[in-house]
1. Restricting to segment 195-223, name every residue that is closer than 23 Å to VAL87 by Cα and modelled with pLDDT under 85.
2. Looking only at segment 1-41, filter to residues that are within 12 Å of the ligand (Cβ to nearest atom) and loosely packed, with under 13 Cβ neighbours inside 10 Å; which one of those is farthest from PRO73 (Cα to Cα)?
3. Which of (1) in contact (Cβ under 8 Å) with a residue 40 or more places away in the chain; (2) within 12 Å of the ligand (Cβ to nearest atom) is the odd one out, the single condition VAL50 does not satisfy?
4. Any chance you could count how many residues in segment 42-58 are exposed (fewer than 15 other Cβ atoms within 10 Å of the Cβ) and either basic (Lys, Arg) or at pLDDT 95 or above (or both)?
5. Any residue in segment 77-93 that is among the hydrophobic types (A, V, I, L, M, F, W, C), closer than 17 Å to TYR224 by Cα and out of contact with any Cys (no Cβ under 8 Å at 6 or more places or on another chain)?
6. Do any strands (runs of 3 or more DSSP E) entirely within segment 67-177 hold 3 or more residues that are more than 23 Å from VAL199 (Cα to Cα), at pLDDT below 85 and within 16 Å of the ligand (Cβ to nearest atom), and if so, which?
Amino acid sequence: MNDTILIVEDEPKIARLVADYLSKSGYASDHIDHGNAVMEWLEENQPMLVLLDLMLPGTDGLTLCRQIRERFPAIPVIMLTARVEEVDRLLGLELGADDYICKPFSPREVVARVKAVLRRSHGITGTDEATPEGDHLTLDEDGWRAMAGSEDLNLTAVEFQLLKVMMHSPGRIFSRDQLMDHMYRDHRIVSERTVDSHVKKLRRKIADVWPERDIIRSVYGVGYKYQPEE
Ligand code: CA
């Protein structure tokens with residue numbers, strides 16, 4: 001395993017922009033612009049992560065993601081898609097990608113996601129500095145309490161459940177349906193609006209402590225996710 005990131009992207013501008021930002025954050029990268037060249041390249045090189053565009057000339061991103069999972073299960077994959085609606089479909093296919101990013105994305109966002117996925121899969125933090133104490137969101141699962149640094153967020157049981165589910169899979173996008181399943185053990189029928197309203201209250205409580213941070217993000221048309229970076 002070397003320390004480069006493979007960018008598979010057929011739009012040269014995007015590839016260059018992402019490579020620039022990665023390099024500024026201390027990550028070397030390689031770039032492939034054709035789907036057919038990827039698996040062969042991976043036989044020779046073991047990148048620490050693959051940023052994989054969905055729509056490619058030659059072998060498409062879906063097929064490649066499956067092949068990488070099969071042949072190189074240790075290499076994390078972040079899929080880049082052009083449409084947010086596509087994410088829902090991709091999640092349903094259970095490709096095993098570690099994260100999904102929608103275009104247009106900011107290169108900053110890509111770097112943040114790369115860091116998060118690497119932290120999760122290798123325990124590598126790159127050039128990231130340690131998060132200072134008091135800057136963490138922590139869960140006391142027995143006491144059903146969530147702390148932002150040393151502040152108790154005073155969450156309701158439902159808000160706590162929501163936060164817990166999302167925090168257990170940082171960066172993963174949950175649909176409202178999936179969140180509903182976790183909110184009520186008795187599978188009460190609630191509307192998607194109910195989920196929105198609980199998430200809204202949860203976000204407000206976090207914002208009261210950390211107004212500048214956007215930890216629970218809404219993903220338009222899909223759902224929500226917990227994103228600790230930036
Ligand atoms: Ca493309």
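The values are calculated or read from the model by the stated rules, or taken from the named source; none is laboratory data. The structure presented is a predicted model; accordingly, all values stated were derived computationally and were not measured. Here the Cβ is made from the backbone with ideal geometry for all residues, glycine too, and neighbour counts use every protein chain on show.
1. Those that are closer than 23 Å to VAL87 by Cα and modelled with pLDDT under 85: ASP214, TYR220, GLY221.
2. Looking at the filtered set, the residue picked out is LYS13.
3. Result: VAL50 passes all but (2).
4. Initial filter on segment 42-58 (exposed (fewer than 15 other Cβ atoms within 10 Å of the Cβ)): 43-46, 57-58.
Remaining after also requiring either basic (Lys, Arg) or at pLDDT 95 or above (or both): 57-58.
Looking only at that region, the number is 2.
5. The initial filter retains those residues of segment 77-93 that are among the hydrophobic types (A, V, I, L, M, F, W, C), namely 77-80, 82, 84, 87, 90-91, 93.
From what's left, closer than 17 Å to TYR224 by Cα: 84, 87, 90-91.
Going one step further and asking which of them are out of contact with any Cys (no Cβ under 8 Å at 6 or more places or on another chain), we end up with 90-91.
Looking for residues that are among the hydrophobic types (A, V, I, L, M, F, W, C), closer than 17 Å to TYR224 by Cα and out of contact with any Cys (no Cβ under 8 Å at 6 or more places or on another chain), one finds at least one in segment 77-93, hence yes.
6. Details: elements: 77-81, 99-102, 137-140, 145-148, 173-175.
Because the criterion is at least 3 residues that are more than 23 Å from VAL199 (Cα to Cα), at pLDDT below 85 and within 16 Å of the ligand (Cβ to nearest atom), no strands (runs of 3 or more DSSP E) in segment 67-177 meet it.
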